[in-house]
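S.K.: Dropping a structure here in structure tokens format, bear with me for questions.
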Amino acid sequence: MTLTQGQPRSMGGMTTTRHFTVHHDGVTIPVSRGGRGRPLVLCPGLNSTQADLHELTGLLRHDHDVVTFDLRGHGLASAADGYSFDAFLSDLFAVLADLERLDLPSPPVLVGYSLGADLAVHYAAERPDAVAGLVLIDGANPLPEPFITDADLAQFRAMAEDPATRREIEQAMGTARQVLLTARHVLDLQLEMDVVRSAILDRYRKIDCPIHMIMSTSIAGDSTEGRAPRHNRLWRAGIDRLVRERPHISTSWLDADHRLALTHAPDIAEIVRSAHPRPTG
């Protein structure tokens, strides 16, 4: 792994954003850092980028020294030969591999969105002394049963291949919001995440730092028909299961769907600020 430092850039006079490039496993990962206060690393999820999370990042930087990055095949990161969960986890490990070169004064709070939440839990389970706390946004849910059943496959495949979705992806090509994964990559990862989450309670058992969950009440939307009611019930059941097992974990529910990191950035930033306030004195 190599880390290349770029030029600092002003961020509205409030602070300076520094840009780095991490090279590992044949991919290039762009990293940005800016803000003041307690160190925080924001990990995006599947189909989300630093650019998508810019509002949340900007709000977090008022109280935190925030490091953000793009996962392989997302945003300004390069494409890769593979897009498995372990491959994405290696991206997070690479970004955090040399905290001294990133010059973080203390272990960071990890904030993960969707897939990024699962990556944060796995990282913290393997490196518990390297994490000050976790804030997990609509992910890392120990579901009591698979989210995607055989009956759901056709609908999820259709969603991934929806012409409007594909047009949106094509329009983002060449920009900081591009996603290079194919519809097949996305579906395979969604199926893999059911397997990962079926065993994630074992990971939670290895973590002693404070954990706060920020979850959507309607991850699948608010429809009363189709897959939405089951998926929304299952999403809450997974968190109920987690809190029974690990009662010290705190939870906030937002009246939102899975896009909450984009649509409810001020609410999320306030929850993070309350869970991990800026030190005084």
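The values are calculated or read from the model by the stated rules, or taken from the named source; none is laboratory data. In this text the structure is predicted, and so the values were computed from the model without any measurement. All Cβ positions, glycine included, derive from the backbone under ideal geometry; neighbour counts span all protein chains shown.
S.K.: Yes or no: Gly139 touching a Pro at 6+ places or on another chain (Cβ under 7 Å), surrounded by 14 or more Cβ atoms within 10 Å (Cβ to Cβ) and among the small types (Gly, Ala, Ser)?
M.R.: No, not satisfied.
S.K.: In addition: Only residues that are out of contact with any Gly (no Cβ under 6 Å at 6 or more places or on another chain), of a type outside the set (Val, Ile, Thr), surrounded by 15 or more Cβ atoms within 10 Å (Cβ to Cβ) and not in a strand (DSSP E or B): list them for the stretch 237-258, please.
M.R.: Within the stretch 237-258, Ala237, Gly238, Arg241, Leu242, Ala256, His258 meet the criteria.
S.K.: How many residues does the stretch 191-215 contain that are surrounded by fewer than 18 Cβ atoms within 10 Å (Cβ to Cβ) and either more than 19 Å from Leu136 (Cβ to Cβ) or of a type outside the set (D, E, K, R) (or both)?
M.R.: Total meeting the criteria: 7.
S.K.: While we're here: Taking Gly116 and the conditions (1) outside any loop (DSSP other than H, G, I, E, B); (2) of a type outside the set (A, V, I, L, M, F, W, C); (3) more than 17 Å from the chain's Cα centre (by Cα), which numbered condition does it fall short on, given that it satisfies the others?
M.R.: The failed condition is (3).
S.K.: Can you tell me which of Leu60, Leu53, Leu40, Leu71 is in contact with a strand residue (DSSP E or B) (Cβ under 7 Å, 6 or more places away or on another chain), within 21 Å of Arg166 (Cα to Cα), of a type in the set (A, V, I, L, M, F, W, C) and at pLDDT 95 or above?
M.R.: Only one candidate passes the filter, namely Leu53.
S.K.: Hey, does the stretch 92-112 have a residue that's aromatic (Phe, Trp, Tyr) and either touching a Pro at 6+ places or on another chain (Cβ under 8 Å) or in a loop (DSSP other than H, G, I, E, B) (or both)?
M.R.: Checked the stretch 92-112: no residue is aromatic (Phe, Trp, Tyr) and either touching a Pro at 6+ places or on another chain (Cβ under 8 Å) or in a loop (DSSP other than H, G, I, E, B) (or both).
S.K.: Across the stretch 71-89, what is the total count of residues that are hydroxyl-bearing (Ser, Thr, Tyr) and surrounded by fewer than 19 Cβ atoms within 10 Å (Cβ to Cβ)?
M.R.: 2
S.K.: Pick out the one residue from Glu225, Glu245 that is closer than 18 Å to Gly139 by Cα and either among the β-branched types (Val, Ile, Thr) or more than 21 Å from the chain's Cα centre (by Cα) (or both).
M.R.: Exactly one residue qualifies, and that residue is Glu245.
S.K.: Name the single residue that is surrounded by the fewest Cβ atoms within 10 Å (Cβ to Cβ) among those in the stretch 259-272 being within 14 Å of Gly112 (Cα to Cα) and of a type outside the set (Gly, Ala, Ser).
M.R.: Taking the candidates together, the pick is Arg259.
S.K.: Ok, one more. Kindly indicate the residue of the stretch 90-103 that is under 15 Å from the mean Cα position of the chain (by Cα) and not acidic (Asp, Glu) and also surrounded by the fewest Cβ atoms within 10 Å (Cβ to Cβ) among those meeting that condition.
M.R.: Looking at residues that are under 15 Å from the mean Cα position of the chain (by Cα) and not acidic (Asp, Glu), I get Phe93.
S.K.: If you check Ala87, Ala124, Ala51, which single one turns out to be part of a helix (DSSP H, G or I), in contact (Cβ under 8 Å) with a residue 12 or more places away in the chain and closer than 25 Å to Val272 by Cβ?
M.R.: One residue alone meets the criteria, Ala124.
S.K.: For a quick check of your reading: which helices (runs of 4 or more DSSP H) sit entirely within the stretch 147-230 and have at least 3 residues that are in contact (Cβ under 8 Å) with a residue 60 or more places away in the chain and within 26 Å of Thr28 (Cα to Cα)?
M.R.: Of the helices (runs of 4 or more DSSP H) lying wholly inside the stretch 147-230, those with at least 3 residues that are in contact (Cβ under 8 Å) with a residue 60 or more places away in the chain and within 26 Å of Thr28 (Cα to Cα) span 183-198.
S.K.: Continuing with this model, one more query. What's the total number of residues in the stretch 54-74 that are closer than 22 Å to Met193 by Cα and assigned to a loop (DSSP other than H, G, I, E, B)?
M.R.: Counting residues in the stretch 54-74 that are closer than 22 Å to Met193 by Cα and assigned to a loop (DSSP other than H, G, I, E, B) gives 4.
S.K.: Name the single residue, out of those in the stretch 15-37 being out of contact with any strand residue (DSSP E or B) (no Cβ under 8 Å at 6 or more places or on another chain) and not in a strand (DSSP E or B), that is modelled with the highest pLDDT.
M.R.: Gly26
S.K.: Name the one entry in Arg233, Arg273 that is of a type in the set (D, E, K, R) and either touching an Asp or Glu at 6+ places or on another chain (Cβ under 8 Å) or part of a strand (DSSP E or B) (or both).
M.R.: Of the residues listed, the single one that is of a type in the set (D, E, K, R) and either touching an Asp or Glu at 6+ places or on another chain (Cβ under 8 Å) or part of a strand (DSSP E or B) (or both) is Arg273.
S.K.: Leu134 - would you say it is modelled with pLDDT of 95 or more and not in a helix (DSSP H, G or I)?
M.R.: For Leu134, the condition - modelled with pLDDT of 95 or more and not in a helix (DSSP H, G or I) - is met.
S.K.: Out of (1) part of a loop (DSSP other than H, G, I, E, B); (2) closer than 18 Å to Tyr204 by Cβ; (3) of a type outside the set (Asp, Glu), the odd one out for Ala77 is which?
M.R.: Evaluating Ala77 over (1) part of a loop (DSSP other than H, G, I, E, B); (2) closer than 18 Å to Tyr204 by Cβ; (3) of a type outside the set (Asp, Glu) leaves (2) as the failure.
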